[in-house]
Amino acid sequence: ATRVGARAMPRSRPGKVGLAETSPSSLQPRHGRAAVAAWAAVVLTCLARHWRVPAAVPATAEPEVFSAERAYAVVEDLVGCGPRYTGEPENEVCAVERLQAQIAAAGTAGHLEVDIQRVSGHFFIGFLEGMTNVYRNVTNVVVRQKGTGQHSCALLVSAHFDTFVGGSPGASDDAAEIGMMVEMIRNFGAARLPVDVVYNFNGAEEGIMQAAHGFITQHKWAKDLCAVVNLEAAGSGGREAVFQLGPKNRWIAEVYQKVAPRPHANSLYSSVFQTGKVPGDTDYRIYRDFGGLPGVDFAVTTNGYVYHTSIDDLQHLDVRSVQHYGDNVAPLVRGMASRLAEGLGTEEREEAAVFFDLLGVVVVVYSEVVAQQINIAVAAVSLVWCLHRNPGKVLATAATFLAAQVVALLAALVSGLVVSATPAGLVTHGHPGFGPLLFAPLPVLGYLATFERLRTAVGAREAAAASGVVQAVVCLACTAVPGLVQTSYVPMLWASGPVFADMVSRCLPRSADLVVLLGHLLPWIVWAQFLVLGADFLVPLSGRSGTNTVPGDVVVAAVYGWYVGTTLTLSARYLGEPERRMLRLVSAGALALGVGLAWVAFPYSADRPKRLFVQHVERSYVEWSKENVRRVTAVETGLLTSAIDWNGIGTVEHHAPFGLPNGSEYCDASLGLYGRFPHLFPVRDMLAEAAWAPAPRPPVPQLLDVGMRRQPLGGGLVNLTLDIRGHTHIMFVIGPRAQIVEWSYGLQVDKWASGAGLPPPRPDCDCLFVFSAGCSSQDRSGPAVSNWILVQEGLLQLDVWTMYLKQRSPELSGYLARQPAWVDAAGWCVEMQLHTIQV
């Protein structure tokens with residue numbers, strides 16, 4: 001019995017589990033609400049900082065000051081040439097002449113040397129599962145700006161002036177960066193640098209970096225280079241980001257830390273991009289792998305919807321973004337030049353760096369060795385502190401947190417799969433704000449349900465200790481696994497901030513709650529920055545990630561699930577019953593709102609369009625006898641329609657007013673050696689969905705021609721010499737691979753892992769893929785592609801096609817003109833020949 005007037009002891013309510021409200025170490029509900037408010041403030045601040053760019057400096061500024069208005073004038077001039085395809089006059093003549101004039105106007109007489117390089121070559125690259133890249137007479141406009149001293153090292157700055165196929169004006173990709181380079185020539189002419197700077201204005205990047213390879217392997221100035229700054233774009237606005245740095249050379253990160261006024265960089269993102277798993281690449285890879293140059297790779301990502309489309313124009317280019325870009329890059333070039341002039345020690349050249357910025361204000365940089373030492377120390381202290389009381393209960397709770405994080409990720413994947421399987425597929429592509437509504441609620445609900453089902457009541461301090469254990473273990477894992485040290489700063493901050501704040505709070509009992517909350521701010525900031533940058537890049541990317549890959553909705557949902565699970569574990573001490581109840585209610589409401597909006601919304605718009613490729617194809621079937629007699633057995637002509645996102649061409653079929661071309665039937669991508677599709681790149685598995693509609697023969701000039709010479713060598717081996725003529729872009733596949741013993745392209749290519757001079761096997765076909773650009777043979781001066789192949793006797797398949805990127809038939813033009821505003825349709829004519837060869 002309870003005495004009258006005595007306070008009754010509180011009891012746990014039946015069925016309620018999770019963080020105990022009666023624990024002496026529990027925070028009051030108001031502190032949980034304060035934590036939620038602080039976290040929301042952090043996310044909003046990161047969003048505001050992410051899109052904050054300065055006003056453009058006027059063209060009347062002093063010549064040593066970077067002016068986006070002056071750079072923009074160069075962009076206007078270059079875009080005026082029209083789409084600039086490698087091998088076409090707009091790229092090889094107009095752009096080159098205008099660049100020379102702009103460089104002459106910006107430079108200082110006597111300090112500039114200009115060299116026009118026309119270069120041919122070939123190389124293998126592992127991009128898109130690997131292909132052999134052949135180029136002929138591609139153009140580099142190379143400028144050398146003399147420094148004030150006599151130094152053996154020169155610094156390379158590079159960007160490209162060619163554009164992607166399909167009519168893209170290329171204002172942001174990469175004319176804006178070309179304008180920045182011209183402006184830097186003006187800046188450094190007025191205030192000269194201590195070392196020479198070599199600027200490579202290259203005219204063949206979109207065909208997978210041919211001009212950069214020709215420059216770094218064959219140009220006379222390449223041997224003088226000691227570092228590179230590469231300028232790229234995957235969007236048209238916002239802040240540029242350091243996409244890649246290193247992979248070693250801490251000194252570059254330290255220079256960036258010192259001179260960048262508005263930094264935007266983290267080694268986690270750089271490490272992820274250098275894995276090669278992100279579907280994209282830049283000239284930086286060529287300079288690094290074939291030239292051995294250390295350096296840094298920049299790109300803007302905001303508004304990635306314009307990337308490689310017809311709306312990458314002057315109207316969509318944010319000149320303020322160009323100013324932000326130049327304000328960071330110009331001081332970096334100056335700082336790197338100064339360091340090269342001073343000389344670099346072996347340790348500076350060989351040591352990698354861990355780095356990250358905080359809200360674009362400051363950059364933290366330290367070496368990998370120091371990172372390993374810090375990580376081990378932080379993890380050790382965190383584990384000792386977190387496990388010194390109730391270790392069994394803390395470890396059990398930590399295991400529950402890990403299980404809850406897995407459930408959160410799985411819940412996110414399920415939500416992404418469900419959305420991708422409904423008419424709302426890719427709705428977040430057109431409405432990025434729907435992402436948190438559709439993909440965050442289920443992970444939150446799944447996380448909370450798992451935690452509450454698996455655990456009985458625990459106190460807030462036990463929950464915080466368990467969270468610290470999880471982060472310390474992740475920190476140690478990142479330290480131990482090769483290649484992950486550069487990502488370890490995130491779990492290190494998770495493990496150190498809240499735990500050390502908990503230590504300090506014991507000494508400041510009156511301010512304990514505030515101290516603990518402040519300990520969470522830095523990890524929250526760093527983690528929120530990663531989410532904002534990742535979503536800004538990945539959401540537009542979902543609209544061009546392929547029809548036969550992981551759905552874009554699933555990728556975006558996975559990011560949200562990962563973020564939700566990690567954030568809740570990090571913030572576990574604040575998950576009291578009131579906070580959990582609030583999260584459940586908010587999540588349920590958000591999910592209901594998201595589903596309702598997704599039901600009525602359309603995933604595409606004029607500014608966030610669906611990408612469509614339509615090719616007018618003439619496809620011939622050719623047989624070769626052992627006597628080298630050629631016979632055409634059949635010819636087909638028609639319109640081939642394909643899309644490059646998960647929704648495929650079905651969206652156009654069902655929602656566009658005119659649908660697909662009349663008579664369209666879906667194609668079987670498994671036919672033949674490579675699907676009998678004239679793919680621009682080796683992407684058969686990514687773009688497996690297409691439709692063929694019969695149409696009259698396209699008006700192409702019939703340049704495609706295959707010549708063949710045979711030399712029997714005995715022992716069942718034959719040497720075939722192929723001479724292939726075509727237009728500016730020629731592609732071919734040959735197989736089966738097992739029948740090919742050796743070929744001439746294997747003789748001059750380093751970095752091939754397999755023997756016999758052949759590239760590694762492709763997962764999507766039993767063939768070798770060759771891409772060739774810049775080698776128009778309209779003058780009949782010689783074969784555009786010529787190589788010999790040593791093969792075994794038997795049946796050989798050769799599919800070859802050439803693209804006329806500026807050519808459109810009346811049927812093709814009419815169909816493209818009928819597309820709605822939400823479709824960005826690109827089209828051209830193609831000659832394709834499918835050869836069956838008796839060897």
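The values are calculated or read from the model by the stated rules, or taken from the named source; none is laboratory data. Predicted, not measured: the structure shown is a model, and the values here were computed from it. Please note: Cβ atoms are built from the backbone with ideal geometry, for glycine as well, and neighbour counts cover all protein chains shown. These accessible areas exclude ligands, DNA and RNA; they are computed on the full protein's heavy atoms, side chains included. Shrake-Rupley method; radii C 1.70, N 1.55, O 1.52, S 1.80 Å.
Below are the figures for this structure:
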read-out: Hits in region 235-262 (condition: open to solvent by less than 10 Å² (accessible area, probe 1.4 Å) and of a type in the set (Asp, Glu)); value: 240
read-out: Lone unmet requirement of (1) under 18 Å from residue 317 (Cβ atoms); (2) open to solvent by 10 Å² or more (accessible area, probe 1.4 Å); (3) out of contact with any strand residue (DSSP E or B) (no Cβ under 9 Å at 6 or more places or on another chain); (4) not hydrophobic (A, V, I, L, M, F, W, C) for residue 148; value: (1)
read-out: Matching residues in region 83-103 - criterion: being modelled with pLDDT of 95 or more and of a type in the set (Gly, Ala, Ser); value: 95, 101
read-out: Conditions (1) within 30 Å of residue 542 (Cβ to Cβ); (2) touching an Asp or Glu at 6+ places or on another chain (Cβ under 6 Å); (3) part of a strand (DSSP E or B); number of the one not met by residue 685; value: (3)
read-out: Checklist (1) in a helix (DSSP H, G or I); (2) of a type in the set (Gly, Ala, Ser); (3) open to solvent by 50 Å² or more (accessible area, probe 1.4 Å); (4) closer than 30 Å to residue 233 by Cα applied to residue 606, failing item; value: (1)
read-out: Hits in region 589-614 (condition: of a type in the set (Gly, Ala, Ser) and either in contact with a Cys (Cβ under 7 Å, 6 or more places away or on another chain) or within 29 Å of residue 804 (Cα to Cα) (or both)); value: 605, 606
read-out: Matching residues, region 451-489, being open to solvent by 20 Å² or more (accessible area, probe 1.4 Å) and over 26 Å from residue 530 (Cα atoms); value: 452, 453, 454, 455, 456, 457, 461, 462
read-out: Selected residue [hydroxyl-bearing (Ser, Thr, Tyr) and either open to solvent by less than 50 Å² (accessible area, probe 1.4 Å) or over 29 Å from residue 837 (Cβ atoms) (or both)] from 670, 664; value: 664
read-out: Unique match (being at pLDDT 90 or above and either within 21 Å of residue 165 (Cβ to Cβ) or open to solvent by less than 70 Å² (accessible area, probe 1.4 Å) (or both)) among 699, 657, 712; value: 699
read-out: Pair list, Cβ under 7 Å, 6 or more apart: region 507-524 residue of a type in the set (A, V, I, L, M), other residue open to solvent by 30 Å² or more (accessible area, probe 1.4 Å) and in a loop (DSSP other than H, G, I, E, B); value: 515/508
read-out: Matching option when the condition is farther than 29 Å from residue 236 by Cα, touching a Cys at 6+ places or on another chain (Cβ under 8 Å), of a type in the set (Val, Ile, Thr) and open to solvent by less than 30 Å² (accessible area, probe 1.4 Å), among 706, 617, 622; value: 617
read-out: Residue in region 639-653 that is on the phi > 0 side of the Ramachandran plot and either surrounded by 16 or more Cβ atoms within 10 Å (Cβ to Cβ) or under 33 Å from the mean Cα position of the chain (by Cα) (or both) present; value: yes
read-out: Residue 382 vs. criteria among the hydroxyl-bearing types (Ser, Thr, Tyr), touching a residue at least 12 places away in the same chain (Cβ under 8 Å) and surrounded by fewer than 23 Cβ atoms within 10 Å (Cβ to Cβ); value: no
read-out: Close pairs (6 angstrom Cβ cut-off, 6 or more residues apart or separate chains): in a strand (DSSP E or B) in region 351-374, open to solvent by 40 Å² or more (accessible area, probe 1.4 Å) and of a type outside the set (Phe, Trp, Tyr) anywhere; value: 356/364; 363/257; 365/254; 365/257
read-out: Close pairs from region 696-722: first charged (D, E, K, R), partner outside any loop (DSSP other than H, G, I, E, B) and buried (at least 17 other Cβ atoms within 10 Å of the Cβ), Cβ under 7 Å, at least 6 apart; value: 697/618; 705/725; 710/718; 710/720
read-out: Subset of region 101-126 (residues that are part of a helix (DSSP H, G or I) and open to solvent by less than 30 Å² (accessible area, probe 1.4 Å)); value: 103, 106
read-out: Qualifying residue in region 798-806 (condition: at pLDDT 95 or above and open to solvent by 30 Å² or more (accessible area, probe 1.4 Å)); value: no
read-out: Residues satisfying the stated conditions in region 688-742, i.e. within 37 Å of the chain's Cα centre (by Cα), over 20 Å from residue 131 (Cα atoms) and part of a strand (DSSP E or B); value: 690, 691, 692, 693, 694, 705, 706
read-out: Residue check, residue 826 among the aliphatic types (A, V, I, L, M) and in contact (Cβ under 8 Å) with a residue 60 or more places away in the chain; value: yes
